[in-house]
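First the structure, in the form of structure tokens, and then the observations on it.
FYI, it's all coordinate maths here, none of it is from the lab. A quick note: this is a predicted structure, and the numbers were derived from the prediction, not measured. Ideal geometry is used to build each Cβ from the backbone, glycine not excepted, and the neighbour counts take in all protein chains shown.
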Amino acid sequence: MSSPSRRSSSPESNTSGGGGGADERKRKRMLSNRESARRSRARKQQRLEELIAEAARLQAENARVEAQIGAYAGELSKVDGENAVLRARHGELAGRLQALGGVLEILQVAGAPVDIPEIPDDPLLRPWQPPFAAQPIVATAMADAFQF
């Protein structure tokens, strides 16, 4: 039933100094509990320090990313402004071209000789046609541009 390694509940152990053994076990258990609690507090403190360091690292990374986003927003604003200027210029030039086309038509109807010079084959005059063969866009080049 009972193994020999367990406490004996015989009257001999209780009367002849058995209380000292129980006190000793209680004292050892208390010391063990204190040491366990100390290790637990140390682990908790170490984890807290790790989390504080990670929070500081993440805040620094967040500030860097926000600065980069601000730079990209500035670039976007600049490009949007340039695009608006180019659109306005395009509208102005398209209106002038239409007006010149109307003048040429009136001159032709009136019978006036109209000498239209040949337009040189300049790729800048054909913006809808690229001057080079179309090349595929490499996705990794764009991915590298947006890495933080």
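Couple of notes before you dig in:
- Shape call, the range 24-112: gyration tensor on alpha carbons, a/c limit 1.5: prolate
- Distance between modelled label sites at ASP80 and VAL65, nm, 7 Å Cα→Cβ extension: 2.2
- Residues of the range 67-102 with amide N under 11 Å of a point placed 7 Å along Cα→Cβ from VAL109: 102
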